[in-house]
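Below: the structure, in structure tokens.
The values are calculated or read from the model by the stated rules, or taken from the named source; none is laboratory data. Since we're looking at a predicted model, the values are computed, not measured. In this analysis, Cβ positions are derived from the backbone assuming ideal geometry, glycine residues included, and neighbour counts consider all displayed protein chains.
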Amino acid sequence: MASSAQMATLLVSVKTIKILPMKKHLILVIFSLIGGSLFAQPLDKEAAESAKKQVIAEWKAQMSAIYDQAYQEHIIRRDGLQLGLGYFIRGAEPAGGRSLWISMHGGGNAPKETNDQQWENQIYLYQPQGIYVAPRAPWDDWDMWFKAPIDSLFQDLITMMIVKENINPDKVYIMGYSAGGDGVWRLAPRLADHWAAAAMMAGHPGDVGLRNLVNTPFTIWVGALDSAYDRNKEVQKRGKEMDELSQSVPGKYIHETHIVAGKGHWMDQVDTAAVSWMQRYTRDAHPQQIIWTQEECLRNAFYWVSLPPSVKPMRGNTFEAKIEGNTITIDKMDYDEVVIWLDDDMVELSQPVTIQYDGRTLFRQVVERTEESMRQSIYERKDPSFCFPANVTISKDMTAEDTGVEEIEASLLWRDDIRRIEAYDLQGHTLCSTTQRDEYLRFAQKYGCIHIIRLHFDNFSKVETRK
């Protein structure tokens, strides 16, 4: 049983409130109206870092107001569904914020009273340091933890804890037992970009795909005697699948598989060892490699890639890419168009970013940092680690020439000792004269016609024809 001190921090409520989505849309409309002028100005690295801190602080203040009632009542409501929250806060708050543990209870297609009891058990089942939340499933059904609306409810939960409890968004963990373990099988890959690590206890994997877990540490626990629905056999198969995935991508697909000898569906809390294993890991929100396959609940963003509104995803659609230096290589893209979001810890934004696909260079250009990009990304993604200062929209059919930069001239245009760039039309009229490379590139992209440039360096000048 919990001590009286622990009970004092246990927050459980059955009251309901309603998140007001209109506020979010109003904020986005306001930003879109003024972003074209004030927020669209290019920023250097130092100015971008300062602007990002301000944008995140403003976002937190506005989101905090939206989640006021949810936080006070300890229940999140969305689209007629409600997610009750029981949680403990343990330990002092470390630098960078507390961790958040989302722990899903068992039960399923059973009377409400049965599932309520399972929820109460889950509240006390694990005791990690940080904020440990056991939500009450919105349904009393076998698939209570992986119906499509649960994604948005969990995203609301994470956002609320970011703005109200100052959790570290890169230390969010998901775990679950029995039916809750069923949910982990689905939500760990489906929302892989949210988790620092995931732990599955005594659940059935069904037909889930695991390739999205390339950057998400995953630990699997099942009793060797847990034969109902062949759980033990199916979990063992998926453990071997994780072994194969980790061998195919060295250093990735970090995982452990535990088939607990002599145990059935209840493992006598041997599985609590998963907590210390998970807390070793921190989410890499900007990984060098991503693999994203759409599962049964479709999403429009994953790590540093998103889909424009015109692109409608389908289950099975896949995007795979990796970053090496300032080059992004897209290995698979089942969409005609995507948006690539960038930050200074991913690439050197003061230098040209090259994006390649199918053996072709789609894009090669400096991508500007803007406050507009930061605001758009954080309000869409609701995560400070996804507040990106730069982005570029990529089409399968585009080429580097479409962006106004030619490969053959890059060695001169990107020299560090360039002092001035002058552009003239074919009649000799001055079109642009600047000391800023980025300003010339913006001009070239908009002008889109053949012109002459004179490049001035410390000790010489060079004249070239460009298009």
Which residues, counting only those in the stretch 122-141, are of a type in the set (Asp, Glu) and in a helix (DSSP H, G or I)?
none
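Per-residue answers, yes or no, for (1) part of a strand (DSSP E or B); (2) out of contact with any helix residue (DSSP H, G or I) (no Cβ under 8 Å at 6 or more places or on another chain); (3) surrounded by 19 or more Cβ atoms within 10 Å (Cβ to Cβ):
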site	(1), (2), (3)
339	yes, yes, yes
347	no, yes, yes
351	no, yes, no
362	yes, no, yes
367	no, yes, yes
373	no, yes, yes
377	no, no, yes
Among the residues of the stretch 59-77, is there at least one that is more than 12 Å from residue 164 (Cβ to Cβ) and outside the structural domain of residue 147 (by TED's automatic domain parsing)?
yes
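State all residues of the stretch 305-317 that are part of a loop (DSSP other than H, G, I, E, B) and either crowded, with 18+ Cβ neighbours inside 10 Å or of a type in the set (D, E, K, R) (or both); if no residue qualifies, say none.
Narrowing the stretch 305-317 to residues part of a loop (DSSP other than H, G, I, E, B): 307-317.
Once the filter is applied, which keeps residues that are part of a loop (DSSP other than H, G, I, E, B) and either crowded, with 18+ Cβ neighbours inside 10 Å or of a type in the set (D, E, K, R) (or both), the stretch 305-317 yields 307, 312, 315.
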Got a sec? Which of 393, 434 is exposed (fewer than 13 other Cβ atoms within 10 Å of the Cβ) and either at pLDDT 75 or above or closer than 20 Å to residue 45 by Cα (or both)?
393
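May I ask you to say which residue of 240, 233, 263 is within 20 Å of residue 122 (Cα to Cα), out of contact with any Cys (no Cβ under 8 Å at 6 or more places or on another chain) and surrounded by fewer than 23 Cβ atoms within 10 Å (Cβ to Cβ)?
On the way: 240 fails: within 20 Å of residue 122 (Cα to Cα); 233 fails: within 20 Å of residue 122 (Cα to Cα).
The unique qualifying residue is 263.
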Tally, over the stretch 82-121, of residues that are among the aliphatic types (A, V, I, L, M) and either in contact with a Leu (Cβ under 7 Å, 6 or more places away or on another chain) or within 16 Å of residue 133 (Cα to Cα) (or both):
6
Within the stretch 121-141, can you find the residues that are surrounded by fewer than 17 Cβ atoms within 10 Å (Cβ to Cβ) and in contact with a Phe, Trp or Tyr (Cβ under 8 Å, 6 or more places away or on another chain)?
127
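Is it fair to say residue 223 is closer than 19 Å to residue 104 by Cβ, outside the structural domain of residue 320 (by TED's automatic domain parsing) and touching a residue at least 60 places away in the same chain (Cβ under 8 Å)?
Details: closer than 19 Å to residue 104 by Cβ: yes; outside the structural domain of residue 320 (by TED's automatic domain parsing): yes; touching a residue at least 60 places away in the same chain (Cβ under 8 Å): no.
No, not satisfied.
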Quick one: residue 277 ticks every box in (1) under 23 Å from residue 216 (Cα atoms); (2) surrounded by 18 or more Cβ atoms within 10 Å (Cβ to Cβ); (3) among the aromatic types (Phe, Trp, Tyr) except a single one, so which number is it?
(2)
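Would you tally the residues in the stretch 274-304 being of a type outside the set (D, E, K, R) and either touching a Pro at 6+ places or on another chain (Cβ under 6 Å) or part of a loop (DSSP other than H, G, I, E, B) (or both)? Even if it seems obvious, please write down each step before you answer.
To start, the set of residues in the stretch 274-304 that are of a type outside the set (D, E, K, R) comprises 274-279, 281-282, 285-294, 297-298, 300-304.
Still in the running and either touching a Pro at 6+ places or on another chain (Cβ under 6 Å) or part of a loop (DSSP other than H, G, I, E, B) (or both): 275, 279, 281-282, 285-288, 294, 297-298, 300, 303-304.
Total meeting the criteria: 14.
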For a quick check of your reading of the model, give me the residue pairs whose first member lies in the stretch 78-98 and is within 14 Å of residue 160 (Cα to Cα), whose second is surrounded by fewer than 18 Cβ atoms within 10 Å (Cβ to Cβ) and hydroxyl-bearing (Ser, Thr, Tyr), with beta-carbon atoms closer than 8 Å and at least 6 apart or on different chains.
78/152; 84/13; 85/13
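Can you tell which of 161, 144 is outside any strand (DSSP E or B), surrounded by 21 or more Cβ atoms within 10 Å (Cβ to Cβ) and touching a Leu at 6+ places or on another chain (Cβ under 8 Å)?
Going through 161, 144 in turn, the sole match is 161.
Listed here are the residues, each with its yes/no results for (1) touching a residue at least 12 places away in the same chain (Cβ under 8 Å); (2) assigned to a helix (DSSP H, G or I).
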| site | (1), (2) |
| --- | --- |
| 170 | yes, no |
| 180 | yes, yes |
| 187 | yes, yes |
| 204 | yes, no |
| 219 | yes, no |
| 231 | yes, yes |
| 250 | no, no |
| 259 | yes, no |
| 272 | yes, yes |
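Which residues, taken from the stretch 306-341, are small (Gly, Ala, Ser) and modelled with pLDDT of 95 or more?
Of the stretch 306-341, the ones small (Gly, Ala, Ser) are 306, 310, 316, 321, 325.
Listed by number, the residues that qualify are 306, 316, 321, 325.
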